[in-house]
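Since every read-out is calculated from the coordinates, none of them should be taken as a lab result. Predicted, not measured: the structure shown is a model, and the values here were computed from it. Here the Cβ positions follow ideal geometry from the backbone for every residue, glycine too, while neighbour counts run over all protein chains shown.
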Amino acid sequence: MAISKFAVLSIFVCLTVFVTKYSIAQNANAKTVKSSVASYEKYIDDKMDAHLKEFIELVSIPSISSIPSNKPDVAKAGAWIVNKLKAIGMTTVQLIANEGNPVVYGSWNKAPGKPTVLIYGHYDVQPVKESEWEYPPFAPVVKDGKVFGRGASDDKSGVMTSIWAMEAMLNKDGKLPVNVKFMFEGNEEVGSPYFKNFLEKNKELLKADFALNADGVQYDENTPSITVSLRGSVQLEFSIKTANTDAHSGQFGGKTPNSVLIMSQIIASLYDKKGNVAVEGFYDKVLPITDAQKAMIKKIPYDPATDMKILGTTAETGDPAYSPLERVWYRPTLEVVGMQGGYTAAEGHSNIIPGNAMARITCRLVNNQNGKEIVDLMVKHINKNCPAGATITYKFGNGYASPIVFPTDTKEYRYLSEVLTQVYGKQPYQTATGFTVGALLSVKEVLGLYAYPLGVELSDEKWHAANEFLRVSSIRRGQLMYCKYWEHLADEESKLKK
């Protein structure tokens, strides 16, 4: 069919008008987003001193979940966060009782028709050896652009940067572009043994479209990363008893079993000469490292000397059949995390044959390994290697944290990657990690959501060790990441509806 010149001209004019209007709208939207982010940045900068003061208050609370006497402190930290959430204008805030320590829940649900984002974090912390700290672990100080204190990085940084980001948006706009729910746990540092039950009891309350894990890391100060897999973990404590009391080494030496010696022999039996785990069956269910995983590792500019410098170590161990990152990310480990026996005071020397000794073990697990099966294998091995004259007692943890892998071909991953690229000016690395966040698999199994990581922790910040710290610059960056994420998510989801 022939088309007249007039018709062609009319179509051209209409298309021109449409393109012009679309371009104007897009530019206006871009300017609005840029303007809003700038206003958030100003608020964040203006409030930095006040936020540092708040942060020091929270880090000062010794919310150590693994020590029963600190249970009131864990509850105090939870209550502190509840009060903060109420102060910034959350719709609903409550401290939900749970086996162990309570879960802080907060929601802002005044964006009808918009997606809901569920944010996980934890406010409990690891124990401390105060004698090893340069500053008191629960009397935080700010020095050289760093906040020193237990939990400053892991994970009170994630809890507070996400809260402060919401505060900035509510203060400047009076609203959020999406609905947000917070759930901050108080038992993560003991393996989240009660968290799955909490999710099942509150499944409707926690219903969401997207999920984030505020207990996340970046590659370094200037380079973003997205963690796509985490190892699981399991703990075991066992004690050796050879006598009802310590014995005089001169009077009884040479004829009396020594609990510390026996413990040392059992510990040594856990490993072969290469340093691999010698527990029968330990590696049976470990899947081979895939070509895709090996390719991912090759993109990471890893230098073993960096880790050695951070820790002050002088050698690297491990099976030479695997590279360092392969061992840490995709191979299981068995680590002795503590031993005790005999006279170990800082001063003095006691000539005794110890009657009791104790050891604690943590295993990091991969892919389809099962925590209970690994514990059973360890118990069988320890019993087999216990000589006559010694008895063994065991203390088991409250649960097993399973490994988890995040898909990288989802819109959830793409949104996160795009936001990190905006914030850092470069695309994030895909990384795995050797540590564990046990709650994440429960979130997937119960709520059907992958809680992708969005946090500001850096690997040199001495998590779980003495002199843990957080960079002050990360406080600012973390807030911007969340502000940008919520805006970007709302914008991208709106496009899908058109």
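Mean residue ellipticity at 222 nm, helices only, the chain: -12500 deg cm²/dmol; runs of at least 4 DSSP H residues each add -39,500 (n - 2.57), and the sum is divided by the number of residues.
Quick check on segment 111-259: of the DSSP beta bridges with both residues there, what percent are antiparallel, nearest 5%? Roughly 25 percent of the beta bridges in segment 111-259 run antiparallel, per DSSP. Of all DSSP beta bridges confined to segment 104-187, the antiparallel ones make up roughly 55%. Based on C-alpha pairs under 8 angstrom that are at least 6 apart in sequence, segment 79-213 has a relative contact order of 36 percent.
Under 5 Å between amide hydrogens, built in the peptide plane, is the criterion, and for Tyr429 it picks out Ser225, Ile226 among residues at least 5 positions away or on other chains.
What net charge do the residues around Thr333 carry, taking every other residue with its C-beta under 10 Å from that of Thr333, with Lys and Arg at +1 and Asp and Glu at -1? My count for the surroundings of Thr333 gives +3.
Convex hull volume of the Cα atoms of segment 338-407, normalised per residue: 127 Å³.
Note on the chain: Rg/Rh from C-alpha atoms, Kirkwood Rh, equals 1.06. Between Gln265 and Asp460, the modelled labels are 4.5 nm apart [label points 7 Å from Cα along Cα→Cβ].
Translational diffusion coefficient, Stokes-Einstein: compute it for segment 280-395 using the Kirkwood radius over C-alpha pairs as Rh, at 25 °C and 0.890 mPa s, and state it as an integer in µm² s⁻¹. Value of D from the Cα-based Kirkwood radius: 138 µm²/s. When the trypsin sites (Lys or Arg not before Pro) in segment 57-117 are filtered for DSSP coil states and for at most 16 other beta-carbon atoms within 10 Å of their beta-carbon, the remaining sites are Lys110. Computed packing ranks the peptides 230-237, 92-99 as 230-237, 92-99, most packed first, by mean other Cβ atoms within 10 Å. Only beta bridges with both residues in the chain are counted; by DSSP, about 70 percent of them are antiparallel. Note on Thr408 and Ala278: the extension gain reaches 43.3 nm, defined as 0.36 nm multiplied by sequence separation minus the Cα-Cα distance. Taking 20 Å as the straight-line reach from the Cα of Lys299, the lysines in range (excluding those fewer than 8 positions away in the same chain) are Lys426.
Straight-distance candidates among the aspartates and glutamates for linking to Lys172, with alpha-carbon spacing under 12 Å and chain neighbours fewer than 8 residues away dropped: Glu41. Pairs of Lys residues in segment 302-407, spaced 8 or more positions apart or belonging to different chains, with C-alpha separations under 30 angstrom: 5 in total.
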